[in-house]
Amino acid sequence: MNLLRTAGISLLAIGLISCGKKDVPLAPPSLPQTGSTPMPDVGKVDTVMTTATGYGSSPGEATADAMKSAILQVNGATIDTASVKVKYGLDITDGQDAVSLRASEFAEKVAQSSGGAITNFKIDNVTEPKQKGDPYKVTIEANIAHFTAPADSKKIKVVVAPIRFDTNGFMIGSETVPSAKVAGDIQQQVSIALTNTGRFSVLDRGDDADVQQELDMIKSGDAPRAENGKIGQAVTADVIWAGHISNLAYNRHARQLQTSDRELVSYSGGWGMSQKLVNVATRQILTSDSLQGQAPEIAATTMSSGINSAQVLQDMESQIASKVVASILTHTFPVTVIQRDGNTVVLSQGGESVQAGTRYALVAMGTEMKDPQTGESLGRTELPCCDVVIDRVTPKLSYGHLENVTTSLDNIPSGGLQLREQLKSIPVAVETRSDDQARSSPNQPKILTAQRKSDRPNPATASPNADPKEDGKW
């Protein structure tokens, strides 16, 4: 009985203690710590520890020769050997003996005289001549300023060449725009779009004078001598992109009505362009193709108030740049699906490579095929599988969803789906009932029709001698 009483009291105590405890809220899930956006990588001047040996008729001369060798070892041919002694203040060694060269005060003078380009200077060994006529031999250790190129320099380096054209001007509505201006605008947009893909290092060739002015400042000694590591770091292109505009126009078509003094006015136009990528080292054409595009037409009307020529041209230029970059990427860095969750996908590129709200074809990549005679790779087999509609685009990635899937995608690895041509948008279904009909018959099935472009032909294609009232095309 006492045992049962004790057990009951214990259980009651535990219950009271439990009731007295307050619910402790769960800690919120830890969020990933995101650091600040890193600084752009433009390269940097750092130091490299090196050992070098020099020879000369005196300890000072041999030391200067060793310092010169150390600089050339680190920076290679980027340094003008004839001016190394003056630029880096190596004449500080003149008249110095072996004892003074080893002093800590001399190491400080070297750092000061070289403007920080040579630091932590130390004499390792001085070997005197064994016989008359032999040189002194000096071995040193030092940190030498060195320019580290940015990571982007490892990408394919491309120069966007000036675009060629055949006429002095392009007709946009009633205005003639200088061809050089149009070509320059497109060249700039292609450069920006290629840069934004993150796949190329686009080299600038248009601001050489300004760049040279900065380099001349370094050479003159007005800048810290450590900046000499930037001299001779210019890179050359791996490939050159070249384009040629064969046609570009947005024409105004006017026809006088016979029954009135008014004009029937319409607008239509488009563009054509060829492009190629040339290997600088071999001058081989890596890829080439021809591109075309159409500007939105304006149907014939007697109420035309003209067009915004500047906006029409800007839209055409943007379309050209987008198609150029899309073609380049298709041949060099195809856009691939790198993650898939059901029909939601993430694509490997963003920026200018794809456009939000646009539909593209996707193919599943198969095995690689080779030419039986030459052994040359013919590429991998492709199986059309589905469409992807781009929902959102960021500078590096893009997000979308799959539609019209015709094959199983379960066993396709990451990167196995590649983007192909842009597809035409599917007509959008719209409700044709009026508001009154919808209110009066809310349960009546909705009648949906597809919005389509009018089958009415472009007035520009109508018979030139026909009257709009008589010609069936009108």
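The values are calculated or read from the model by the stated rules, or taken from the named source; none is laboratory data. It should be emphasised that the depicted structure is a prediction, and the values quoted were computed from it without experimental measurement. Neighbour counts are summed over all protein chains in view; Cβ atoms, including those assigned to glycine, are modelled from backbone coordinates with ideal geometry.
Go through region 183-225 and report how many residues are over 30 Å from Thr394 (Cβ atoms) and either touching a strand residue (DSSP E or B) at 6+ places or on another chain (Cβ under 7 Å) or not charged (D, E, K, R) (or both).
First, the residues of region 183-225 that are over 30 Å from Thr394 (Cβ atoms): 183, 208-225.
Pick out the ones that are also either touching a strand residue (DSSP E or B) at 6+ places or on another chain (Cβ under 7 Å) or not charged (D, E, K, R) (or both) and you get 183, 209, 211-213, 215, 217-218, 220-221, 223-224.
Within region 183-225, residues that are over 30 Å from Thr394 (Cβ atoms) and either touching a strand residue (DSSP E or B) at 6+ places or on another chain (Cβ under 7 Å) or not charged (D, E, K, R) (or both) number 12.
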Only one of Asp455, Asp410 is modelled with pLDDT of 50 or more, farther than 27 Å from Ala326 by Cβ and outside the structural domain of Gln256 (by TED's automatic domain parsing); which? Asp410
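Every residue, every condition in (1) without any contact (Cβ under 8 Å) to a residue 12 or more places away in the chain; (2) farther than 21 Å from Asp238 by Cα; (3) crowded, with 20+ Cβ neighbours inside 10 Å, yes or no:
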| site | (1), (2), (3) |
| --- | --- |
| Pro150 | no, no, no |
| Val158 | no, no, yes |
| Gln188 | yes, no, no |
| Ala193 | no, no, yes |
| Arg199 | no, no, no |
Is it the case that Lys132 is of a type in the set (Lys, Arg) and either assigned by TED's automatic domain parsing to the domain that holds Val48 or touching a helix residue (DSSP H, G or I) at 6+ places or on another chain (Cβ under 6 Å) (or both)? yes
Within the group Ser322, Ser348, Ser377, which residue is in the same structural domain as Thr287 (by TED's automatic domain parsing) and either modelled with pLDDT under 90 or hydroxyl-bearing (Ser, Thr, Tyr) (or both)? Ser322
Can Asp210 be described as free of Cβ contacts under 8 Å to residues at least 40 places away in the same chain, within 31 Å of the chain's Cα centre (by Cα) and outside any loop (DSSP other than H, G, I, E, B)? yes
Keeping to region 282-316, report how many residues are of a type outside the set (A, V, I, L, M), farther than 19 Å from His331 by Cα and out of contact with any Gly (no Cβ under 8 Å at 6 or more places or on another chain). 10
Going residue by residue through region 198-213, is there one that turns out to be aromatic (Phe, Trp, Tyr) and closer than 19 Å to Ile186 by Cβ? yes
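Tell me, please, whether a residue that is surrounded by 21 or more Cβ atoms within 10 Å (Cβ to Cβ) and closer than 29 Å to Val158 by Cβ can be found in region 302-315. Give the derivation first.
If we filter region 302-315 for residues that are surrounded by 21 or more Cβ atoms within 10 Å (Cβ to Cβ), which is where we start, we get 313.
Adding the requirement that they be closer than 29 Å to Val158 by Cβ leaves 313.
Looking for residues that are surrounded by 21 or more Cβ atoms within 10 Å (Cβ to Cβ) and closer than 29 Å to Val158 by Cβ, one finds at least one in region 302-315, hence yes.
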Name the residue that is farthest from Ser309 (Cα to Cα), counting only residues in region 226-273 that are in contact with a Gly (Cβ under 6 Å, 6 or more places away or on another chain) and of a type in the set (S, T, N, Q). Ser246
